[in-house]
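Please treat every number below as a calculation from the coordinates, not as lab data. In this text, all values refer to a predicted model and were calculated from it rather than measured experimentally. Please note: Cβ atoms are built from the backbone with ideal geometry, for glycine as well, and neighbour counts cover all protein chains shown.
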Amino acid sequence: MRNPMLLAVFVLMLGMAVCAAAQEQEQPAVDPQMQAMMDAMEKFGIPGPEHQKLQDSVGAWTVESKMWTDPSAPPHVSKGSAVFRMILGGRYLQYDYDGKAENMPFAGYGITGYDRFNKKYRSLWMDTMGTGFYLTEGTCDAAGKVCTETGVWDDPSSSGKIKVRNVSTHVTKDKFIMEMYTAQPDGKDVKTMEMTYTRKK
């Protein structure tokens, strides 16, 4: 005599297999164009080795700033501090600065990221000395030790524009220097700021 229970289990499993096969046949094939778009988004959307390099700056730092309003005169020297952290899943480096500029309280906020599609580092800066947004972009050397970014910023003092060049040099894992140069009317670049970052222990 047949076992009714075994027969019921067999019928149930057969039905499930038929349903699964039917569902598999009903699923439309992925559109090649859509698949290519998804692959590109994944390729350029995930962090790469350049983002890993940005993580080297994560932490708290003491900062010595030098500012030149007159290239022939001694710089204004001040102290400050900065905190760097990675945000948005390791895609961007955010940094907060707190200190002084020409003996006045000064705070700034910046974000740096690496655009994998355009193969450039891009930075945004804003601070308490203005209401504008300052953008630069550039590249690093093969070793990732020296990074140079350039931009064209608003210049309130002349009601015009000014070309800037920022150079960041990573001396050691616990020290890096950021230098800012601005283009003069004669076309020469003059150093207007130097910030030395030392990691807090």
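Summing Lys, Arg as +1 and Asp, Glu as -1, what charge do residues with Cβ under 11 Å from the Cβ of Ala183 carry, Ala183 excluded?
Details: positive: Lys161, Lys163, Arg165, Lys188; negative: Asp155, Asp186, Asp189.
Residues near Ala183 contribute +1 overall.
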Task: Förster radius 35 Å - calculated FRET efficiency between Gln55 and Gln35, Cβ distance, rounded to 0.05 - done: 0.65
Open item on the list: I'd like the chymotrypsin sites (Phe, Trp or Tyr not before Pro) in the range 110-163 restricted to DSSP loop residues with at most 14 other Cβ atoms within 10 Å, sorted by number.
Closed with: Phe117, Phe133
Open item on the list: Helix 32-45 against the longest principal axis of the chain: what's the angle in degrees, Cα atoms only, rounded to the nearest 10?
Closed with: 40 degrees
TODO: Within the range 121-186, report the trypsin sites (Lys or Arg not before Pro) that DSSP leaves as loop and that have at most 10 other Cβ atoms within 10 Å.
DONE: Lys173
TODO: Only helical DSSP H runs with n ≥ 4 go in: add -39500 (n - 2.57) per run for the chain, normalise by residue count and round the 222 nm mean residue ellipticity to 500 deg cm²/dmol.
DONE: -7000 deg cm²/dmol
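In the range 93-151, which GluC sites (Glu not before Pro) are in a loop and have at most 11 other Cβ atoms within 10 Å, using DSSP for the loop call?
Here the sparse-neighbourhood loop sites are Glu102.
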TODO: Pop out the ³J(HN,Hα) list for the range 71-82 in order, Karplus 6.51 cos²θ - 1.76 cosθ + 1.60 with θ = phi - 60°, rounded to Hz; leave Gly and Pro as x.
DONE: x, 8, 10, x, x, 7, 10, 8, 10, x, 9, 9
- [ ] Please identify, among Val146, Val167, Val30, the residue showing maximal mean-square fluctuation in a Gaussian network model of the chain using a 10 angstrom Cα cutoff.
- [x] Val30
Open item on the list: How large is the Rg to Rh ratio of the chain when both quantities use alpha carbon positions and Rh follows Kirkwood?
Closed with: 1.33
Task: Crossing angle, helix 4-26 versus the chain [Cα axis fit, 0-90 degrees, rounded to tens] - done: 50 degrees
TODO: Between beta-carbons, use under 12 Å as the cut-off and find the net charge around Val63, counting Lys and Arg +1, Asp and Glu -1.
DONE: +2
